[in-house]
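Asker: Mind looking over this structure? Questions follow.
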Amino acid sequence: MFDSNGQLITKIMHQVTPYHTPQLGWAEQDANYCWQQVCLVLQKLWTQSNITPKQIVGISLTTQRNCIIHLDKTLNPLRPIIMWPDSRRATNLPKFSPWWRIAFGVIGMTKRIAYFQSESECNWVVEHQPEIAQQAHKIGFLSAWLNYKLSGVLADSVAAQVGYLPFDYKTRQWGNKLAWQWEAINVCREQMIDVIEPGECIAKVSHQAQAETGLLASTPIISAGADKACETLTSGTASPNVASISLGTAATVSITQQTYREAFRYLPAYPSLVENSFINEIILQRGFWLLSHFIEQYGHQDIEEASKLGIKPEELICQRISDITPGCNGLIVQPFWSPGVIYPGPEARGSIIGFTPDHTRYDLYRSLIEGILLALKQGLERLEKISPKKIDLIRVSGGGSQSDVVMQMASDIFNLPCERVQTHETSGLGAAIACAKGVGFYDSISDGAKAMVKHGKRFEPSANAAIYQDIYTKKSSKIYNYLKPFYKKY
């Protein structure tokens, strides 16, 4: 809960099971389970704080991106939600019209478009669960389903449409009937869910939702956006000289612009919460997940010690790596554990280079963090080419930003000042800013961001910055191109 000045009034958390893995590489969750968790956390709000439903003047929703749901004619789920970490692939891909095949061949995009098609959860469902695909009356994202459960109205935010559906990011609406995406993905226009601009009212809380959540019926539900869009609003406050870095499970670097421009050709700029603005984002699908993964696999001793100290393993690790020399004595990580469509390409793989017998697991931990930040630095260089202003400040959010050690490493690697914002709940604050506009506190979302976002501790580049610039220029920025032929071979 935030007030109209951006102050976090109270926070209630509820531990959930993010997804199940019925088969290797799958990530699924029951839609009704997701709704039940929303109800439970709201019920905790009334019992574990002094907040009353009458104090809530509006609500906004933000969720993880690209969590696909199929609904029948009664708007009930036909199958579990396919959550964003899911890595299954379609193999029986839709066929393109001859003119599209020729066009993709001419511009050298045939293989990348095929990879895009294989990534589409909808194509996988058509291939492996055709009866589900045939019954699917509506297809959308988790956020739309939760909006429906709150209000009885099936609608979603423009800024939540990030995933493998035929959305036209430039026009901020579903693609026109001739768009190539309709041939690439096995869905039709009638199956798509209505979208509403951020800061506009989607609907009001229904009487059914009041009974299940305790929210008052008729409380307005304001369109916000997906987690990264909300996070970027909070971190960047739509300032053209500021880049937003998210050090969460996925790691991103992004800027916000009022004109639609692509950092890489065919890598879309996503709709921002800010009116008529776009987010240019470069993402590492496996960001600080990498650190957690390696701790889980190789850091059992660290997990036990952290438990005894009553802290998270990542917090213990950040304490232990603070004295390791920048560059980890030649150990370098390329953190492309998950490939991409455009950057990194579909051929990308992760790599760890430079091991010697002298390296410890703490060198590896630090090199993982350095690798993530160095990859984001390369992404920022690309974004600077299309930025209308020179980037002179970075604001950092996500779990990694809670560590002073990581924040100083970021400032040194980017060779720029790095700031936190006033709360770790950056996605929540971004949604609250959209809500504040929607209920009339501010005339625009950008006005709300300027008023509600305060900046926290600032980190300036240290003497280590020069070391990292040398590592970046001579080594890390070149690794992907060196290894790309090997990746393509295998």
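The values are calculated or read from the model by the stated rules, or taken from the named source; none is laboratory data. In this text, all values refer to a predicted model and were calculated from it rather than measured experimentally. As a convention, Cβ positions derive from the backbone with ideal geometry for all residues, glycine included, and neighbour counts pool all protein chains shown.
Asker: Identify, from the list Val41, Val57, the residue that is assigned to a helix (DSSP H, G or I), outside the structural domain of His455 (by TED's automatic domain parsing) and either touching a residue at least 60 places away in the same chain (Cβ under 8 Å) or closer than 25 Å to Val439 by Cα (or both).
Answerer: Step by step, each of Val41, Val57 is checked, and only Val41 is assigned to a helix (DSSP H, G or I), outside the structural domain of His455 (by TED's automatic domain parsing) and either touching a residue at least 60 places away in the same chain (Cβ under 8 Å) or closer than 25 Å to Val439 by Cα (or both).
Asker: Residues of the stretch 416-452 being surrounded by fewer than 24 Cβ atoms within 10 Å (Cβ to Cβ) and either charged (D, E, K, R) or under 13 Å from Ala229 (Cα atoms) (or both), which ones?
Answerer: Glu419, Arg420, Glu425, Gly428, Asp443, Asp447, Lys450
Asker: Between Tyr298, Tyr260, Tyr266, which is of a type outside the set (Asp, Glu), surrounded by fewer than 18 Cβ atoms within 10 Å (Cβ to Cβ) and more than 26 Å from Leu233 (Cβ to Cβ)?
Answerer: After ruling out the rest, the residue left standing is Tyr298.
Asker: Within the stretch 337-359, does at least one residue satisfy the condition of being modelled with pLDDT of 90 or more, crowded, with 19+ Cβ neighbours inside 10 Å, assigned by TED's automatic domain parsing to the domain that holds Val253 and over 30 Å from Pro268 (Cβ atoms)?
Answerer: The answer is no, given that none of the residues of the stretch 337-359 is modelled with pLDDT of 90 or more, crowded, with 19+ Cβ neighbours inside 10 Å, assigned by TED's automatic domain parsing to the domain that holds Val253 and over 30 Å from Pro268 (Cβ atoms).
Asker: Residue pairs, Cβ under 7 Å, 6 or more apart or interchain, first in the stretch 20-31 and touching a residue at least 24 places away in the same chain (Cβ under 8 Å) and buried (at least 16 other Cβ atoms within 10 Å of the Cβ), second of a type outside the set (A, V, I, L, M, F, W, C) and part of a strand (DSSP E or B). List them.
Answerer: Glu28/His20; Gln29/His20; Ala31/Pro77
Asker: Could I ask something else about it? Of the residues that make up the stretch 42-58, is at least one touching a Lys or Arg at 6+ places or on another chain (Cβ under 6 Å) and buried (at least 18 other Cβ atoms within 10 Å of the Cβ)?
Answerer: Within the stretch 42-58, none of the residues are touching a Lys or Arg at 6+ places or on another chain (Cβ under 6 Å) and buried (at least 18 other Cβ atoms within 10 Å of the Cβ).
Asker: Quick one: which of Gln210, Gln161, Gln173 is in contact with a Phe, Trp or Tyr (Cβ under 6 Å, 6 or more places away or on another chain) and modelled with pLDDT of 95 or more?
Answerer: Result of the check over Gln210, Gln161, Gln173: Gln161.
Residues checked against (1) in a loop (DSSP other than H, G, I, E, B); (2) under 22 Å from the mean Cα position of the chain (by Cα):
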| site | (1), (2) |
| --- | --- |
| Pro388 | yes, no |
| Ile394 | no, yes |
| Gly428 | no, yes |
| Tyr442 | yes, no |
| Ala449 | no, yes |
| Ser462 | yes, no |
| Tyr472 | no, no |
| Ser476 | no, no |
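Asker: Now a separate question. Does Ala155 meet the test of being small (Gly, Ala, Ser) and either at pLDDT below 95 or closer than 30 Å to Thr91 by Cβ (or both)?
Answerer: Criteria not met by Ala155.
Asker: Are there any pairs, at least 6 apart or on different chains, whose C-beta atoms fall under 7 Å, with the first in the stretch 203-217 and within 16 Å of Thr52 (Cα to Cα) and part of a loop (DSSP other than H, G, I, E, B) and the second among the charged types (D, E, K, R) and modelled with pLDDT under 95, and if so, which?
Answerer: Within 7 Å, no pair qualifies.
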